[in-house]
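This report concerns only the one structure given below.
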Amino acid sequence: METTTRALWASRVREWRSSGKTAAEFAAARGLNAATLKWWSSKFNRTRPSTPPVVEVQLGTTSIASALEVLLPGGSSIRVPRDFDEATLRRLLAVLEDR
């Protein structure tokens, strides 16, 4: 039961973080308690490493880059066009953080 509850709240916290809404706005829209949402968020923050990994961001080789490239530890990279959708990128990064 605890694992299911933790997984459910992890999903809710990820959704909230990528939504751009305040805890109160997000919780009200889903019938949740904002204080509980913030508590779970802080619980997940405490379980993360204290030092985030270093991520290198490079512009393309032309004077006006058509894309941004994020080089991740381990050699993976994410290439994002200049007109990327911020909400989609936030969701992608949230998924990668949880790996």
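Bear in mind these aren't lab numbers, they're just calculated from the coordinates by the rules spelled out. Given the structure is predicted, the values throughout are model-derived calculations rather than measurements. Here the Cβ positions follow ideal geometry from the backbone for every residue, glycine too, while neighbour counts run over all protein chains shown.
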- request: Quickly work out the ARG79-to-SER42 label distance, labels modelled 7 Å from Cα along the C-beta direction, and quote it in nm with one decimal.
  value: 4.3 nm
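According to the Kirkwood expression over distinct Cα-Cα pairs, how big is the hydrodynamic radius of the range 2-47, in Å? If you can, show how the numbers build up before the last one.
On the way: mean 1/r = 0.0953 Å⁻¹.
Result for the range 2-47, one decimal place: 10.5 Å.
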